[in-house]
1. Calculate the length of the line joining the C-alpha centroid of the range 99-147 to that of the range 158-191, in whole Å.
2. Quickly work out the Glu200-to-Thr156 label distance, labels modelled 7 Å from Cα along the C-beta direction, and quote it in nm with one decimal.
3. Distance check, please: which entries in Lys2/Lys134; Lys143/Lys216; Lys2/Lys149; Lys143/Lys172; Lys185/Lys234; Lys172/Lys234 exceed 24 angstrom between their Cα atoms?
4. Roughly what angle does helix 292-305 make with the longest principal axis of the chain, taking Cα atoms, 0 to 90 degrees, to the nearest 10?
5. Which residue, Leu93, Thr11, Leu153, has the largest displacement toward the positive end of the dipole of the chain when charges sit on each Cβ (Lys, Arg +1; Asp, Glu -1)?
6. Give me the Kirkwood hydrodynamic radius of the range 176-254 in Å, from all C-alpha pairs, to one decimal place?
7. Check Arg21: other-chain or 5+ apart residues with amide H under 5 Å from its amide H, H built from backbone geometry?
8. Using the Cα centre of the range 14-141 as the reference point, and only Cβ charges (+1 on K/R, -1 on D/E), how large is the resulting charge dipole? Debye, rounded to the nearest 20.
Amino acid sequence: MKHWLSCDWGTSAFRLRLVERDSCRVVSEEKSGYGISTAFRDWQASVMPREAFFAGIIRRGIVMLGERTGLRLEGLPVVLSGMASASIGMVELPYHELPFSLNGRDLHVQAFEEFLIISGARFSDDVMRGEETKIAGCAAWLKDDAEEKRLLLPGTHPKHVVVQGGKAIAFKTFMTGELFDLLSKHSILSASVNTGGILEAPGAGEAFRSGLIAGKSGDLLHEVFMVRTNQLLKNVPPELNSFYLSGLLIGSELSSLPSHQPVYLVAGALHGQLYATACEALGIPVSAIIDADEALIRGQAAVLNH
C-alpha cells in the first residue's frame, strides 16, 4: 500500500488528504466548509444510519481526489481525527485518559469498514479532540530523553501540553482564540477593532507587544476595556487595536507558562508568527516551530502503523 487518506474534520471545516505512506507527503487534498456540525444537522434530517451517512460524505471526497489524481483510491484506509469522534461526529468515542504515548500505540481507535477513528483525550477536568493526534505527531522533533518538555498548540482553544518520557502527561486548555472572536465581533469592543491586518503593518508589532505586556500583568478584565479607551482617548485606529487585543489575550495565556522553560510551538503560519513573536517579547525560549498540519498527518500515520 503506497497511500492512505488523512481526514481532519472540525466543527466548521472538512479536509481530506491523499498521503504517501513512506514519506507522509501530501499528494492532493480536498477541503470545504462542510464541518461536523453541519453534517450532523443534515444527518438528523435523513433516515440513514449515522456511520453510513458520514462515510458517504468522505467517500464523495475520495471520488473527487481520485478524479483529480487519476489514482484508484477505493478501499484505502482513512484515518480520522478531530470532531469525528465527538457526540456530533461519525461515532462518539470516550476520551482516552492521560498519559498516552507519542508513538500512537495507546490512543483509543475504533474501526468502521475502511475508517479508523481516533478518540480525544482527557486529563483531570480538561479535554481535547484533534490535538492529541498532533501531539503524537511531534515525536520526530522531540529528544528521546526523560527531560520534561512543553508543547504549545495555538488555536481557537490553545493547549499547553507537558510531555515526559515519550508520553503526554498533562495539559491545560485556554479560551484565547474564541474570546478574541467574541470580544472583537460581539461586544462593545467591536466598534474599536478591525481584524484582518498583518503584523508587519506600520505600528502593528508595537501594538501587539504593548498588549502582550499588559496581558501578562494579570489585570485582564480591566485591560480589556482599555481597547475601548485606546480608540476613544488615544485615537488608536481599529486595525492596531486588533493587534493590541490579540497581544492582550495571548500575553494573559502565556503568563501561565513556567519562566524560562523552552516550548515547542505547534502551529500554522498565522498563529505561528503571532506566538513566536509573543514568546520572543516575553522571554520564552522556543526550541522548535512545528507545522501543525505535518504534525497531524504524522500522528495519524503513527496510529495507522500500529
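1. Answer, in whole Å: 19.
2. Label at Thr156, label at Glu200, 2.9 nm between them.
3. Exceeds cut-off: Lys143/Lys216; Lys2/Lys149; Lys172/Lys234.
4. Helix 292-305 sits roughly 30 degrees off the main axis of the chain.
5. So the residue we want is Thr11.
6. The Cα-based Kirkwood calculation yields 11.9 Å.
7. Under 5 Å from the amide H of Arg21: His3, Trp4.
8. About 380 debye.
Where a number appears in this text, it was derived from the coordinates with a stated rule and is not lab data. Since the model is a prediction, treat every value here as computed from it, not as a measurement. Neighbour counts are summed over all protein chains in view; Cβ atoms, including those assigned to glycine, are modelled from backbone coordinates with ideal geometry.
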